[in-house]
Every structure is written in structure tokens, then in C-alpha cells.
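The values are calculated or read from the model by the stated rules, or taken from the named source; none is laboratory data. Everything numeric in this text was worked out from a predicted model, so none of it was measured. Virtual Cβ from ideal backbone geometry, glycine too; neighbours counted across all protein chains shown.
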């Protein structure tokens, strides 16, 4: 009987260059840059030194970019949920933490939204 081991996979500072996000017309006019940090917590009892026994980082990056560049969203909160839902649906981690920064949203500070989701917590997108 093998025991599951826990792993944390982190991808930080991912620049998504063609996101369409924002409420205001000036935000909707041109694609915007977002910066994404993501943490996936996984458990594996069968981990071996093969890529097929874990989560492929390149596939995660493609999934994040697709979730953020495929259509317009008004809110960072919606964007975080879209990424979380895509990651949970495709890779099945125990949970996922998604943090999205929106450079330029404020001249005075970094603006970011962070969510933690499990399979049971991902809301349907409206």
C-alpha cells in the first residue's frame, strides 16, 4: 500500500499579453497585460521520474493563457475564477490558488485579486 505524497507546483510572474479585461471603454479598446501567479497542490502515490506522473507546467501555462485571452471579462475576480475552473477541470489538483495582477490599473499601487478554489468550490461562470 503506497502513501500519497503532497506537492506544491508554483508558476509565478506569467505575463499574459493579450487579455481583454475591464469595465471602462479605455480598458476594452486594447489588449492588456496581466501577470499571473498560480499554485497547484497535488497528491500523488504513484509519482515516478516521468512527466506523465505529474502536471506538465507548459500545459498549465497554455491553459491559463487560453482562459484569459479567449474572451472579454469585466472583472479580475471573474478572470481568477475562469483560470481556477480551467485548471481544476483539466488537471484535477487538490486545490488551486490563482492571483492575477493588473499593471496600470492604479497609478499608486499594484492591483491584484487572489482566489483559492477546490473542485467543490468552483462556481459556474455567468
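Worth pointing out:
- In the stretch 34-64, the qualifying residues are those that are outside any loop (DSSP other than H, G, I, E, B), in contact with a strand residue (DSSP E or B) (Cβ under 8 Å, 6 or more places away or on another chain) and farther than 17 Å from residue 114 by Cα, and the one that is modelled with the lowest pLDDT is 53.
- Residues (exposed (fewer than 11 other Cβ atoms within 10 Å of the Cβ) and either farther than 26 Å from residue 72 by Cβ or free of Cβ contacts under 8 Å to residues at least 24 places away in the same chain (or both)) located in the stretch 16-45: 24, 25, 26, 29, 30, 45
- Here the condition is being buried (at least 18 other Cβ atoms within 10 Å of the Cβ) and modelled with pLDDT under 95; of 123, 93, 103, it holds for 93 alone.
- Selection of the stretch 1-14 for residues being under 14 Å from the mean Cα position of the chain (by Cα) and loosely packed, with under 12 Cβ neighbours inside 10 Å yields 10, 12, 13.
- Filter pass, residue 77 being over 10 Å from the mean Cα position of the chain (by Cα), part of a helix (DSSP H, G or I) and farther than 21 Å from residue 6 by Cα: yes
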